[in-house]
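Chemist: Have a look at this one before I ask anything.
None of the figures in this text is laboratory data; all of them are computed from the coordinates on show. Just so it is clear, the structure is predicted and the values come from calculations on it, not from any experiment. Note that we place each Cβ from the backbone using ideal geometry, even for glycine, and neighbour counts take in every protein chain shown.
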Amino acid sequence: MSRIFPHPLLTLALTLLWLLLTSFSLGHLILGFAVATVASRALSAIEPDRVPIRAVWPLVKLFFIVGGDIIRSNLAVAWLILTRGRHGKRRSGFVEIPLRLRAPAPLALLAIIITATPGTAWIEYDAETGVLLLHVFDMIETDDWVTLIGTRYENLLMEAFVG
Amino acid sequence: MSYLDTLPPWIAIPVAFFLILGSTLTLLGAFGLARLRDFYDRLHAPTLGTSWGAAGILLASMILMSWNESEPGWSGLRPVLHELVIGIFLMITTPVTLMLLGRAALHRDRIEGTPGIPGAVERADVPHRPTGEEADGEAAPEIDISDAPGEN
């Protein structure tokens, strides 16, 4: 089973993508599934390990939390640009955040979350020490950012992924 | 301009709202990119365009095109969801560019010694010490020697 479908999630996602880009019909379902199977087998040649997902519910929860955060930080950053950074009082700066995550897949997801949220930019991650260097547009409290990333996102990612 | 004229208000208002929201945020992002002074600050401005800026425009397009494709009545509903794919790819690929730019700027600032830039604790001095490889070469045989008696 795992020889034919080395990455079942990717196969499913590619099939859905095929159906989205064409139209929902039985013929496209079969064709899309065949293309997705071949594509995920091709990926297994360079990436043999399956992404180990432990639970789906934390990811759903994370999706809604991040969705809300993105809307809020969009408005905050737009307001800061309009008011010229609270009339010159805005301070930006770097924050070093020690991460507990080590596996590539949850780290990639965290990178997407941090990048998609305006106001925080992922600058550098040191794989040896596990320290993430973050640039924050509107710095209020350094410790707040460490607990924000650590509790809000990282805990849920640790629950969702193995490792 | 045929189908746009026949658009009922309950479709036209959300389409206009999301389109204006998305394009305003994208415009503000571009404005910030031009106006902000610091390189790292500038990294933040375009993410307005790639997050809700894009999402707003894509939502407007989804509502409008779904209306355009659909026949009257619930059975004729044809939701157009292609735009989701654009949004997903935009979200996945933005971090790649952003990290590339951020790390390049960090590397430059560390070498130039710009104040206020956190240096990597161990890594920062690696380029300045070309003898590091020789030291590693000497260290490797020592480990081999110490391991050998342990195996016996």
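Chemist: State yes or no: is B:Trp52 in a helix (DSSP H, G or I), in contact with a Leu (Cβ under 8 Å, 6 or more places away or on another chain), touching a residue at least 24 places away in the same chain (Cβ under 8 Å) and within 8 Å of another protein chain (Cβ to nearest Cβ)?
Modeler: Spelling it out, B:Trp52 is indeed in a helix (DSSP H, G or I), in contact with a Leu (Cβ under 8 Å, 6 or more places away or on another chain), touching a residue at least 24 places away in the same chain (Cβ under 8 Å) and within 8 Å of another protein chain (Cβ to nearest Cβ).
Chemist: When the range B:102-119 is examined, which residues are found to be touching a residue at least 12 places away in the same chain (Cβ under 8 Å) and surrounded by 16 or more Cβ atoms within 10 Å (Cβ to Cβ)?
Modeler: Within the range B:102-119, B:Gly102, B:Ala105, B:Arg110 qualify.
Chemist: Given the criterion surrounded by 13 or more Cβ atoms within 10 Å (Cβ to Cβ) and in a loop (DSSP other than H, G, I, E, B), identify the matching residue among B:Arg78, B:Arg37, B:Arg42.
Modeler: From the options B:Arg78, B:Arg37, B:Arg42, the qualifying one is B:Arg78.
Chemist: Could you tell me whether the range A:58-65 includes any residue that is in a loop (DSSP other than H, G, I, E, B), without any contact (Cβ under 8 Å) to a residue 60 or more places away in the chain and either within 22 Å of B:Ser51 (Cα to Cα) or within 14 Å of chain B (Cβ to nearest Cβ) (or both)?
Modeler: Scanning the range A:58-65, I find no residue that is in a loop (DSSP other than H, G, I, E, B), without any contact (Cβ under 8 Å) to a residue 60 or more places away in the chain and either within 22 Å of B:Ser51 (Cα to Cα) or within 14 Å of chain B (Cβ to nearest Cβ) (or both), so the answer is no.
Chemist: How many residues are at the interface with chain B (Cβ under 9 Å from one of its Cβ atoms), loosely packed, with under 14 Cβ neighbours inside 10 Å and within 27 Å of A:Met158 (Cα to Cα) if we restrict to the range A:75-101?
Modeler: Count: 0.
Chemist: Kindly indicate whether any position in the range A:45-52 is among the hydrophobic types (A, V, I, L, M, F, W, C) and either assigned to a helix (DSSP H, G or I) or closer than 21 Å to B:Val85 by Cα (or both).
Modeler: Looking through the range A:45-52, at least one residue is among the hydrophobic types (A, V, I, L, M, F, W, C) and either assigned to a helix (DSSP H, G or I) or closer than 21 Å to B:Val85 by Cα (or both).
Chemist: Taking the range A:110-133, which residues are surrounded by 18 or more Cβ atoms within 10 Å (Cβ to Cβ) and more than 10 Å from chain B (Cβ to nearest Cβ)?
Modeler: A:Leu132
Chemist: Out of the residues in the range B:1-34 that are surrounded by 15 or more Cβ atoms within 10 Å (Cβ to Cβ) and among the aromatic types (Phe, Trp, Tyr), which is farthest from A:Val77 (Cα to Cα)?
Modeler: Residue satisfying both the conditions and the ranking: B:Phe18.
Chemist: Next up: Can you pull out the residues in the range A:1-16 that are crowded, with 17+ Cβ neighbours inside 10 Å and without any contact (Cβ under 8 Å) to a residue 40 or more places away in the chain?
Modeler: Scanning the range A:1-16 gives A:Phe5, A:Leu10, A:Thr11, A:Leu14, A:Thr15.
Chemist: Can I ask one more? Among the residues of the range A:117-130, what is the count of those that are out of contact with any strand residue (DSSP E or B) (no Cβ under 7 Å at 6 or more places or on another chain) and under 16 Å from B:Leu101 (Cβ atoms)?
Modeler: Selection size over the range A:117-130: 1.
Table: residues versus (1) over 28 Å from A:Val56 (Cβ atoms); (2) without any contact (Cβ under 8 Å) to a residue 40 or more places away in the chain.
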| residue | (1), (2) |
| --- | --- |
| A:Lys89 | yes, yes |
| A:Ser92 | yes, no |
| A:Ile97 | no, no |
| A:Pro104 | no, yes |
| A:Leu109 | no, no |
| A:Asp126 | yes, yes |
| A:Met139 | yes, no |
| A:Gly150 | no, no |
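Chemist: Hey, any hits in the range B:58-68 for a residue that's touching a residue at least 60 places away in the same chain (Cβ under 8 Å), within 10 Å of chain A (Cβ to nearest Cβ) and not acidic (Asp, Glu)?
Modeler: no
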